[in-house]
Amino acid sequence: MPQHVRQWSRVGATIAVALVLLAGCGSGGSKASSTTSAPAGGSGGATETTAAKPLKVLVTNDDGYGAAGIDAVVEGLRALPDTEVTVVAPLANQSGTGGKTTDGPLTVTDVKTASGYPAKAVDGFPADTIIWAIDQHGIDFTPDLVVSGINFGQNIGPSVNISGTVGAARAAAVRNLPALASSQGLGDPPAYATGVTRVLDWVAEHRGALLDGSAVTAKLLENINIPTCTTGANRGVVDVPVATDAAGRDLNQVDCASTATNPVDDVDAFKEGFVPLSTLSPTP
């Protein structure tokens, strides 16, 4: 295994996904969170409850608010403790639209995700969802994190700059909002549960920096792609650059049973069954 494979703790994320599966279809509304501790001076008696600072996550995508990928990641994030999830996504599928934006007013409607969680649908491009939420004050708070996805299909190599999933994440980053673009590799069916686990691992790793604001200073913007393995399992997260071109490689071919090591870029990593994680610039 290459030295740059990340060894993320997956305990919390696995528990969260299990909670999602147990809960079935989600219900709407916000979640209140708190921590409870025993009073000083002994055990028993009344408990003292103090509010924990919630992580505020804005979720968008390019497949549209009704897509299975955004539904999966929303339900996963909602299962995390002390986490508030707000969904603002395109009204319709806007795959491949990159960072395009709409001139003039945006039309926004109240909708629900596939599991019934309240959302806002923006009749426009993925980047428009960020414009409406942040620039036009569609939401009344500043998110600690923007998660774009989970997209249906990988966004690696040459496809990164035309991806609406990445376009929305970049729109967040230029507004000094930490962002993660997340995509699930093509498959029948795509393994969204695996993708959710990886996203939740990422959130757990960065949670402290997201809450204390240090991630904003770094203008954190990352792109993660999770293979859907027909045999075997993905081989772990690797930090790699985005490939500048495909160089004749098939972007849809994945071998999770590969024994290759030290991928040079996100295309090699994805093809070899790894989960490529790449840092992006806020502009293409």
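Each reported figure results from applying straightforward, stated rules to the coordinates on display, with no laboratory input. Every value quoted in this text rests on a predicted model; they were computed, and no experiment measured them. Neighbour counts run over all protein chains shown; Cβ positions are idealised from the backbone, glycine included.
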Seminar exercise, completed: Note: D255 to A193 extended length (0.36 nm per residue) minus current alpha-carbon separation gives 20.4 nm
Exercise. What is the mean projected area of the alpha carbon convex hull for segment 155-242, to one decimal in square nanometres?
Worked result: 6.2
Exercise. What is the extension gain from D239 to L186, computed as 0.36 nm multiplied by their sequence separation minus the C-alpha to C-alpha distance, in nm to one decimal?
Worked result: 17.0 nm
Problem set entry | Alpha-carbon spread of segment 56-279, three principal axes, descending order, Å | 49, 34, 32
Exercise. With the calculation restricted to Cα positions, what are the radius of gyration and Dmax of segment 200-262 in angstrom?
Worked result: 15.4, 43
For this session: Set the Förster distance to 25 Å, then compute FRET efficiency between A52 and H137 from the Cβ-Cβ distance, nearest 0.05.
Result: 0.40
For this session: Quick one: go through segment 156-196 and flag any residue whose amide nitrogen is under 20 Å from the point 7 Å out along the Cα-to-Cβ line of A246.
Result: 156-167, 183-188
